[in-house]
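The structure appears below as structure tokens.
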Amino acid sequence: MSERSQDPLWDLLRGALGTRAIAIVAELGVPEALAEGPRPVAEVAREVAADADTLYRLLRALASEGFFAEEEPGVFRNTEASARLRGGWADFAHLFGGVFYQALADLDASGESRFEARFGSDFWTWLKAHPEERGAFDRAMEQGKEGRLERLKAVNWRGDETVVDVGGGNGSLLIELLRTQPGLRGIVLDLPETEHDEAALGDRIEFVEGSFFDRVPEGDVYVLSTILHDWDDESAEAILKTIRASAAEDSRLLLLEAVVPEGNEQDGAKWLDLLMLALFEGRERDEAQWRELLAAGGFEPERIEDGLIQARCR
């Protein structure tokens, strides 16, 4: 490995190149083309309708970081990292190399999102107007579901609660949770344009169309999985107050969110925080900020740890 590749300044400066390169090969379907093993790049290029020389240059650069591997001159295979793009991570790559990439190009120090100026609407309205992008977004949000499910499984469930997944997308997280907790029933609340499969939800989960700014269904436990980081403090507080208005006095709140650590510790949430700012003036929060937000929204935190915040009604 060259000295330059170990230089933090160089690595950060060239980061946008890696983002676009991964997005391009994901959108072309290169990981799928290499699913059966090593292949000549010219052969893959014909299959995915790409220029062979350009594809080689892309794969060569990515292989230098362990993303693909060049087995012999001009012959590439998947690595564990590139193979992950054969699933929902391809949608993440598409978003990061597309709409996210363009939004981040306008990021500045004003504290405001420039998304509307570039795209003509806020992010959520834009997403509604582009169904294919909405589908990619919903599929991408499923990634990391296994980790979120493990955190939920560790919660002290009573066993007969109604769980409301607020902004729960296609309901995939709730489906898996109910498989491990046969006594629970579930409600998924999300916008009407959300793609979901009623058959997959089964007879124990109901999909309710609506906005969490207007009203949420009554339930015993409210789950918000990476929802509040999409919003500024005023909007996040409004969401919590909407939930509190429907919640019983003994209802619980479970937030599957990052808790940003203090100091210089490396943490992905510190970078994701900048994406939230660029897209919708949202933010990741540290423990003190979570405590302040929960109190303003009518909840008392019981336990705050990275990945899972548990609270009760005040």
Measuring from its Cα centre, segment 145-313 shows a charge dipole (+1 at each Lys and Arg Cβ, -1 at each Asp and Glu Cβ) which, in debye to the nearest 20, is 480
So, in nm, how far is label GLU27 from label LEU9 when the simple model puts each one 7 Å beyond its Cα toward the Cβ? 3.2
Rg/Rh for the chain to two decimals, with Rh computed the Kirkwood way over all alpha-carbon pairs. 1.00
Nearest-0.05 FRET efficiency for ASP286 and LYS128, computed from C-beta distance (R0 35 Å): 0.65
Using the charge dipole of the chain (Lys, Arg: +1 at Cβ; Asp, Glu: -1 at Cβ; taken about the Cα centre), state which of GLY297, PRO73, ALA199 has its Cα farthest towards the positive end. PRO73
Percent antiparallel among DSSP beta bridges confined to the chain, rounded to 5, stands at 45
Would you please give the FRET efficiency between CYS313 and THR180, computed as 1/(1 + (r/R0)^6) with r the Cβ-Cβ distance and R0 = 41 Å, to the nearest 0.05? 0.95
Pop a pseudo-label 7 angstrom from the Cα along the beta-carbon direction at both LEU274 and ALA200 and give the gap in nm to one decimal. 3.3
What lysines could a cross-link reach from LYS128, if we take a straight Cα to Cα line under 29 Å and drop same-chain neighbours fewer than 8 places away? LYS145, LYS241, LYS270
With the chain treated as a Gaussian network of Cα nodes joined by springs under 10 Å, which of PRO38, PRO192, PRO73 yields the largest mean-square fluctuation? PRO73
Just going by the charge dipole of the chain, with Lys and Arg at +1 and Asp and Glu at -1 on Cβ, which of ASN156, VAL188, PRO8 is farthest out on the positive end? ASN156
Select from PHE115, PHE76, PHE280 the residue whose mean-square fluctuation is largest in a Gaussian network model of the chain (Cα-Cα springs shorter than 10 Å). PHE76
Counted charge near ALA296, where neighbours are those whose Cβ lies closer than 13 Å (Asp, Glu -1; Lys, Arg +1): -1
Gain on full stretching of the segment that runs from ARG158 to ALA245 - 0.36 nm per residue minus C-alpha separation: 29.1 nm
Taking a quarter of the surface of the convex hull around the Cα atoms of segment 4-86, what do you get in nm²? 5.2
What is the Cα radius of gyration of segment 200-314 over 2.2 N^0.38 Å, N being its residue count? 1.09
From largest to smallest, what semi-axes in whole angstrom does segment 70-137 give when each is the square root of 5 times an eigenvalue of its alpha carbon gyration tensor? 32, 16, 9
Residue-averaged 222 nm ellipticity for the chain, from DSSP H runs of 4+ at -39500 (n - 2.57), nearest 500: -12500 deg cm²/dmol
Among LEU240, LEU178, LEU85, residue whose mean-square fluctuation peaks in a GNM of the chain (springs only between Cα atoms under 10 Å): LEU178
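The numbers here are math on the coordinates, done by the rules we state, and not lab data. Keep in mind that this is a model prediction, so the values were computed, not measured. FYI the Cβ positions are ideal-geometry reconstructions off the backbone, even for glycines, and counts take in every protein chain you see.
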